[in-house]
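The values are calculated or read from the model by the stated rules, or taken from the named source; none is laboratory data. Fair warning: this is a prediction, and the values are worked out from it, not measured in the lab. Glycine gets a Cβ as well: all are built from the backbone with ideal geometry, and neighbour counts include every protein chain shown. We work out accessible area using only protein heavy atoms, side chains counted, and drop any ligands, DNA or RNA first. Shrake-Rupley method; radii C 1.70, N 1.55, O 1.52, S 1.80 Å.
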2 protein chains.
Amino acid sequence: MDVAILGYGVVGSGTARLLEKISGDAALRALPLRLKYILDIRDFPGDPLERLVTHNFNAILGDPDVRVVAETMGGLHPAFEYVLACLRAGKSVVTSNKELVAAKGYALLQAARENNANFLFEGSVGGGIPIIRPLSQCLCANEIAEVAGILNGTTNFILTRMLGDAMPFGRALQMAQENGYAERDPSADIGGADACRKICILATLAFGRHVYPEQVRTEGIEGITPEDAAYADRLDCSIKLLARAKRLPDGRITACVAPMLVPREGSLLACVSDVNNAILIRGDAVGDVIFYGRGAGPEPTASAVVADILDCARHIDRRRHFEWEDGAPDYVAPAEDDIAKFYARVSCDDEPSARKQVLQAFPGASFIEIDGARPGDLAFVILPTKDGQMRAALAGLAGVKAEMVMRVAGF
Amino acid sequence: MDVAILGYGVVGSGTARLLEKISGDAALRALPLRLKYILDIRDFPGDPLERLVTHNFNAILGDPDVRVVAETMGGLHPAFEYVLACLRAGKSVVTSNKELVAAKGYALLQAARENNANFLFEGSVGGGIPIIRPLSQCLCANEIAEVAGILNGTTNFILTRMLGDAMPFGRALQMAQENGYAERDPSADIGGADACRKICILATLAFGRHVYPEQVRTEGIEGITPEDAAYADRLDCSIKLLARAKRLPDGRITACVAPMLVPREGSLLACVSDVNNAILIRGDAVGDVIFYGRGAGPEPTASAVVADILDCARHIDRRRHFEWEDGAPDYVAPAEDDIAKFYARVSCDDEPSARKQVLQAFPGASFIEIDGARPGDLAFVILPTKDGQMRAALAGLAGVKAEMVMRVAGF
């Protein structure tokens with residue numbers, strides 16, 4: 001059975017290397033897989049797999065021996081058109097492309113079903129951490145109440161440096177780039193778009209309806225300062241970029257991506273450091289389960305892509321049971337209606353007046369006192385309240401400017 | 001399609017309840033599953049499912065409509081005979097019975113293959129934590145170097161109380177029993193036999209060859225005292241009952257179950273408290289991944305058993321790819337040859353002489369000093385050495401009695 005890889009970048013080349021490596025394994029002898037094509041617009045002179053490189057997608061599409069295609073190009077176009085064409089030709093497709101699955105997963109699964117092919121995407125969330133199969137198969141007897149996680153390794157590395165080593169954001173980002181953990185344009189990581197795509201995929205699987213990235217309020221970590229780190233530490237909390245989705249009693253869901261304060265005591269998520277990811281699933285029968293590991297990098301992601309290739313190859317002409325409904329505009333409740341505990345850091349000229357106003361606007365609010373606080377800086381924790389109301393009340397304080405607002409996450 | 005449950009105890013009744021609960025789910029409408037029999041030697045007057053209870057195994061075996069059987073009786077006999085008979089009749093079987101899988105897994109998988117049936121056992125390790133499927137499917141492109149974990153919730157609860165609340169062993173055990181976490185006869189938990197069965201199953205799956213419980217050196221937690229807890233704390237370590245199996249370069253493996261000191265810094269396993277379980281898998285491509293959750297209880301285990309039932313029902317007449325070779329007497333290397341760092345606590349009459357002898361026998365050993373140490377008690381850490389040599393040298397010290405020896409686990 002022949003396999004083609006679309007895109008010979010970091011994940012694509014890792015996938016090719018791993019496929020070549022395991023092809024001699026005893027356990028796979030019954031399953032003769034051959035990597036036949038690598039599609040890329042570039043040439044790779046001197047590469048050990050140079051002979052497989054082609055620029056011609058139609059050669060792959062028209063080759064009936066190619067039964068499984070791995071899409072590792074990234075981006076929406078032409079990945080979507082290529083994947084759709086392959087599925088329509090009855091080829092199974094596996095992908096690590098979260099942008100593609102988050103935006104087009106419903107349409108592509110439909111195409112797979114209509115053409116008796118499989119569309120698998122274990123590598124799209126959490127790198128090599130097994131999460132898609134466990135969620136859709138092992139936990140299928142559960143009603144899932146919540147999915148939450150640290151889904152982006154780059155931002156977790158930066159936050160670990162900022163909190164553990166008291167490094168400012170810019171320096172920590174630079175260090176992430178020097179270590180190869182952040183791309184030259186890190187905006188999709190830093191701004192939360194990458195985590196947003198992943199929580200869309202997890203929420204879609206957990207709750208059975210497609211969630212689109214534009215439905216999920218997404219905040220990044222750019223605004224976090226060393227002061228926030230110090231205040232969080234005083235509360236014995238970590239700051240983590242969390243992606244969360246919860247089922248609401250009315251059948252809708254709530255979903256968001258934002259930096260949050262996570263209590264160190266009693267939450268394993270607070271202990272997840274550096275480029276690691278962790279995903280929590282809360283089911284009615286199983287309780288909380290957490291999946292942890294390196295969330296990115298060529299080898300871990302290739303490990304997931306190759307597992308999907310093997311699954312397709314072993315189940316050729318049989319369909320895996322992945323189904324969900326399409327999304328709907330009102331399916332995700334507005335983030336303004338979310339009720340949460342909040343941390344706020346504000347600046348003001350008249351501190352006594354600001355303190356008085358805060359306590360009036362937010363009964364039960366408690367100030368966080370640290371040594372060496374900047375004059376005019378105030379930080380406090382607000383008891384559970386509606387997101388929108390809290391922001392309006394904060395904006396209404398006279399002579400007080402909100403510098404940073406984060407949820408305090410409870411698990 | 002009809003389902004039978006063998007054994008209406010804690011897990012069996014949880015499985016029945018969960019099956020009844022989800023049978024109305026929209027997602028399962030395409031898969032009409034009906035619970036038809038519950039086998040037990042007891043009667044359950046007044047139970048909502050009383051009408052399904054039978055004492056007659058042959059009624060189930062002879063009913064061609066029963067295609068999937070869930071074995072939740074526990075124990076080896078008659079579970080083994082019943083499961084084998086069902087498989088030979090072409091029925092798929094799922095089980096949560098770790099004793100059965102660890103002792104008879106190879107024979108039962110063979111019977112499943114010969115009769116085109118499935119034999120699944122997700123619930124046998126880690127309660128509801130997805131681990132069997134992720135290990136065998138999602139990580140199948142990896143060469144696994146090591147499997148390790150906290151596989152027994154009862155002992156982890158006891159150790160959490162002993163270390164966190166300075167409770168002696170007996171009191172912590174009693175508390176576990178009062179909370180329903182420990183059985184009246186807790187010996188299989190406390191002595192490590194339960195964790196041993198589970199590491200056998202994991203090692204078998206990870207390394208491809210059956211590992212039998214009698215091949216794995218197994219130590220329990222009975223000997224741990226509040227002094228050990230204090231010395232461990234001084235080293236910034238937790239004490240965990242760990243089960244570990246590693247691949248050796250010569251094709252054999254090493255495997256053991258024993259309480260170990262786990263450094264709190266940099267290891268998520270040290271943070272796993274109370275009745276929770278965590279399983280670490282180290283793969284060459286994926287790196288370290290950890291699976292975490294409640295390791296026991298009727299609902300979590302039923303969640304895994306029902307997921308296996310659904311998997312069987314959806315793939316009736318198609319076989320899942322679970323294969324491994326039978327074990328061999330010399331496949332597991334003797335624990336005496338394991339090289340590790342060790343913690344030892346000894347008692348002696350002449351402390352200066354004991355200290356001198358320790359340093360002579362174990363060059364580089366470092367003593368652990370705590371406030372309020374018992375007179376004549378000494379604790380120290382021994383640099384990496386062979387298990388057998390270390391024990392022989394320790395036994396050879398004059399006037400020194402080894403009270404407790406534990407490995408210091410590095411991950």
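Looking at A:GLY149, A:GLY128, which is the one that is small (Gly, Ala, Ser) and part of a strand (DSSP E or B)?
That would be A:GLY149, the only listed residue that is small (Gly, Ala, Ser) and part of a strand (DSSP E or B).
Here the helices (runs of 4 or more DSSP H) wholly within the stretch B:1-110 that include at least 2 residues being over 25 Å from B:GLY297 (Cβ atoms) and open to solvent by less than 10 Å² (accessible area, probe 1.4 Å) are B:79-88. Reported count of residues in the stretch B:19-58, each being out of contact with any helix residue (DSSP H, G or I) (no Cβ under 8 Å at 6 or more places or on another chain) and closer than 20 Å to B:PHE80 by Cβ, is 4.
Regarding the stretch A:355-364, can at least one residue be identified that is in contact with a helix residue (DSSP H, G or I) (Cβ under 8 Å, 6 or more places away or on another chain), buried (at least 16 other Cβ atoms within 10 Å of the Cβ), at negative phi and assigned to a strand (DSSP E or B)? No, the stretch A:355-364 contains no residue that is in contact with a helix residue (DSSP H, G or I) (Cβ under 8 Å, 6 or more places away or on another chain), buried (at least 16 other Cβ atoms within 10 Å of the Cβ), at negative phi and assigned to a strand (DSSP E or B). For the stretch A:224-240, the criterion of being in contact with a strand residue (DSSP E or B) (Cβ under 8 Å, 6 or more places away or on another chain) and within 27 Å of A:GLU122 (Cα to Cα) is met by at least one residue.
For B:ASP317, indicate whether it is over 21 Å from the mean Cα position of the chain (by Cα), within 14 Å of another protein chain (Cβ to nearest Cβ) and open to solvent by 10 Å² or more (accessible area, probe 1.4 Å). It is true that B:ASP317 is over 21 Å from the mean Cα position of the chain (by Cα), within 14 Å of another protein chain (Cβ to nearest Cβ) and open to solvent by 10 Å² or more (accessible area, probe 1.4 Å).
For every residue, the table says whether it meets (1) more than 14 Å from chain B (Cβ to nearest Cβ); (2) under 17 Å from A:PHE119 (Cα atoms).
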{"residue": "A:ALA4", "(1), (2)": "yes, yes"}
{"residue": "A:VAL10", "(1), (2)": "no, no"}
{"residue": "A:LEU18", "(1), (2)": "no, no"}
{"residue": "A:GLY24", "(1), (2)": "no, no"}
{"residue": "A:LEU33", "(1), (2)": "no, no"}
{"residue": "A:ASP47", "(1), (2)": "yes, no"}
{"residue": "A:ASP65", "(1), (2)": "yes, no"}
{"residue": "A:VAL69", "(1), (2)": "yes, yes"}
{"residue": "A:HIS77", "(1), (2)": "yes, no"}
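Considering only the stretch B:265-277, I want to know if a residue exists there that is aliphatic (A, V, I, L, M), over 21 Å from B:GLN137 (Cα atoms) and within 7 Å of another protein chain (Cβ to nearest Cβ). Yes, the stretch B:265-277 contains at least one residue that is aliphatic (A, V, I, L, M), over 21 Å from B:GLN137 (Cα atoms) and within 7 Å of another protein chain (Cβ to nearest Cβ). Which residues, counting only those in the stretch B:288-297, are at pLDDT below 95 and either on the phi > 0 side of the Ramachandran plot or at the interface with chain A (Cβ under 9 Å from one of its Cβ atoms) (or both)? The answer is B:ARG294, B:GLY297. Going residue by residue through the stretch A:230-240, is there one that turns out to be surrounded by 17 or more Cβ atoms within 10 Å (Cβ to Cβ), within 14 Å of another protein chain (Cβ to nearest Cβ) and over 15 Å from A:CYS256 (Cβ atoms)? For the stretch A:230-240, residues surrounded by 17 or more Cβ atoms within 10 Å (Cβ to Cβ), within 14 Å of another protein chain (Cβ to nearest Cβ) and over 15 Å from A:CYS256 (Cβ atoms): present. A:ALA373 fulfils the conditions (1) of a type in the set (A, V, I, L, M, F, W, C); (2) assigned to a strand (DSSP E or B); (3) open to solvent by 30 Å² or more (accessible area, probe 1.4 Å) except for a single criterion, (2). Considering only residues of the stretch A:138-147 that are at the interface with another protein chain (Cβ under 7 Å from one of its Cβ atoms) and either surrounded by fewer than 21 Cβ atoms within 10 Å (Cβ to Cβ) or in contact (Cβ under 8 Å) with a residue 12 or more places away in the chain (or both), which is nearest to A:PHE291 (Cα to Cα)? The selected residue is A:LEU139. Condition first: part of a loop (DSSP other than H, G, I, E, B) and either within 14 Å of chain B (Cβ to nearest Cβ) or among the hydroxyl-bearing types (Ser, Thr, Tyr) (or both). Can you find one or more residues in the stretch A:329-341 that meet it? Yes, the stretch A:329-341 has at least one match. No other residue among B:ILE158, B:ILE190 is more than 14 Å from chain A (Cβ to nearest Cβ), in contact with a Leu (Cβ under 8 Å, 6 or more places away or on another chain) and free of Cβ contacts under 8 Å to residues at least 60 places away in the same chain apart from B:ILE190. B:LYS104 passes every criterion in (1) more than 19 Å from A:CYS140 (Cβ to Cβ); (2) out of contact with any helix residue (DSSP H, G or I) (no Cβ under 8 Å at 6 or more places or on another chain); (3) of a type in the set (D, E, K, R) apart from (2).
Do the conditions hold for B:ASN116, that is, is it part of a loop (DSSP other than H, G, I, E, B), more than 13 Å from chain A (Cβ to nearest Cβ) and open to solvent by 10 Å² or more (accessible area, probe 1.4 Å)?
Here the answer is yes, as B:ASN116 does meet what is asked.
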